[in-house]
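This report refers to the structure that appears directly beneath it.
The values are calculated or read from the model by the stated rules, or taken from the named source; none is laboratory data. Quick caveat: nothing in here was measured; it's all calculated off a predicted structure. Positions of Cβ are generated from backbone atoms using ideal geometry, with glycine treated the same way; all protein chains shown enter the neighbour counts. Just the protein is used for accessible areas: all its heavy atoms, side chains included, with ligands, DNA and RNA removed. Shrake-Rupley method; radii C 1.70, N 1.55, O 1.52, S 1.80 Å.
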Amino acid sequence: MTDTSVTRDSAYRDNVASHRIAESLRREILGGTLAPGTRLRQEDLAERFGASRIPAREAIRMLAADGLVTLVANSGAWVSRLSLEECVEAYSIRERLEPLLLRRSLEHLSVKQLDRLAELADRMEANTDVDAFMADDREFHLLSYAGAAMGELWQIIHRLWNTTQHYRRAYATLVGVSGIGVTHLEHHLLVDCLRRGDPDDAERVLVTHIRRTRLELVKHPELFA
């Protein structure tokens, strides 16, 4: 085997390993196993996943691009943490941009996707488990945007969803899934708007949905301690 082939094979293995590490850490961060502020050290990740530091470093960079990890020059990497002010700002941006993405998506959603959205809305209402609710809620909203092109707007919104995930989870845990009945109603209203192909109503419902969550988070600054 030539030196070029060896180098190419090594690069391929590192690339596979970096994606494997990134996907595992992504699940742990979004699932709440790795809390905001958790330090991520390349050497620890390399040892944990049986890889070299090169794919561990690349995995951290991937997660930083997703908004899940914060890199500090000459210091290290941490699971992203937001202050109350930063979270409010993120929600304010979402409140304005997500309705636009939903409008772009609406006319391209298939019957199968609409049926899945209705199924998720029913399932969230019937389930009292926070982890199940968080997974279904994320799938519901990102699926509602699936008809839009995955351009810059989609990337911005996806990143904001990642950085605010922990605070949605903390709020849902605090009030309990059974205590957010209005959320379930808004999900059903969104499905109805999408089925009717009414972008104006869909935007109004979504703005209210995001704004209400933002205002509720402001009432609980302890979530950001």
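Find the residue count for segment 171-206, including only residues that are out of contact with any Leu (no Cβ under 6 Å at 6 or more places or on another chain) and more than 17 Å from residue 137 (Cβ to Cβ).
The qualifying residues number 9.
Restricting the search to segment 184-200, which residues are without any contact (Cβ under 8 Å) to a residue 40 or more places away in the chain and closer than 21 Å to residue 130 by Cβ?
Selection gives 185, 186.
Quick check, is residue 215 at pLDDT 90 or above, loosely packed, with under 14 Cβ neighbours inside 10 Å and part of a helix (DSSP H, G or I)?
Answer is yes for this residue.
A quick yes/no check of all residues on (1) closer than 21 Å to residue 90 by Cβ; (2) of a type in the set (A, V, I, L, M); (3) open to solvent by 30 Å² or more (accessible area, probe 1.4 Å):
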| residue | (1), (2), (3) |
| --- | --- |
| 38 | yes, no, yes |
| 42 | no, no, yes |
| 53 | no, no, yes |
| 69 | yes, yes, no |
| 72 | yes, yes, yes |
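Just a yes or no: is a residue in segment 15-28 farther than 30 Å from residue 207 by Cβ, at pLDDT below 95 and open to solvent by less than 20 Å² (accessible area, probe 1.4 Å)?
Within segment 15-28 (the criterion being farther than 30 Å from residue 207 by Cβ, at pLDDT below 95 and open to solvent by less than 20 Å² (accessible area, probe 1.4 Å)), the answer is yes, since at least one residue qualifies.
So which residues in segment 143-187 are closer than 14 Å to residue 213 by Cβ and outside any helix (DSSP H, G or I), if there are any at all?
180
So which residues in segment 97-125 are free of Cβ contacts under 8 Å to residues at least 60 places away in the same chain, under 29 Å from residue 62 (Cβ atoms) and either touching a strand residue (DSSP E or B) at 6+ places or on another chain (Cβ under 8 Å) or of a type in the set (D, E, K, R) (or both), if there are any at all?
104, 116 - these are the residues of segment 97-125 that are free of Cβ contacts under 8 Å to residues at least 60 places away in the same chain, under 29 Å from residue 62 (Cβ atoms) and either touching a strand residue (DSSP E or B) at 6+ places or on another chain (Cβ under 8 Å) or of a type in the set (D, E, K, R) (or both).
From the set of residues in segment 168-197 that are open to solvent by 60 Å² or more (accessible area, probe 1.4 Å) and among the polar types (S, T, N, Q), which is farthest from the chain's Cα centre (by Cα)?
178
Quickly run through segment 40-55 and pick out the residues that are assigned to a helix (DSSP H, G or I), of a type in the set (A, V, I, L, M, F, W, C) and either farther than 13 Å from residue 16 by Cβ or in contact (Cβ under 8 Å) with a residue 40 or more places away in the chain (or both).
45, 46, 54
Could we say that residue 160 is over 24 Å from residue 35 (Cα atoms) and in contact (Cβ under 8 Å) with a residue 60 or more places away in the chain here?
no
Given the criteria under 18 Å from residue 83 (Cβ atoms) and of a type in the set (A, V, I, L, M, F, W, C), does residue 215 qualify?
Considered against the rule, which asks whether it is under 18 Å from residue 83 (Cβ atoms) and of a type in the set (A, V, I, L, M, F, W, C), residue 215 comes out as yes.
Within segment 104-112, does at least one residue satisfy the condition of being surrounded by 21 or more Cβ atoms within 10 Å (Cβ to Cβ) and among the hydroxyl-bearing types (Ser, Thr, Tyr)?
Yes, segment 104-112 contains a residue that is surrounded by 21 or more Cβ atoms within 10 Å (Cβ to Cβ) and among the hydroxyl-bearing types (Ser, Thr, Tyr).
Can you find, within segment 94-135, the residue that is nearest to residue 203 (Cα to Cα) among those that are among the polar types (S, T, N, Q) and part of a loop (DSSP other than H, G, I, E, B)?
110
Considering each residue of segment 74-93, count those that are out of contact with any Pro (no Cβ under 9 Å at 6 or more places or on another chain), in a strand (DSSP E or B) and open to solvent by 20 Å² or more (accessible area, probe 1.4 Å), and give that number.
1
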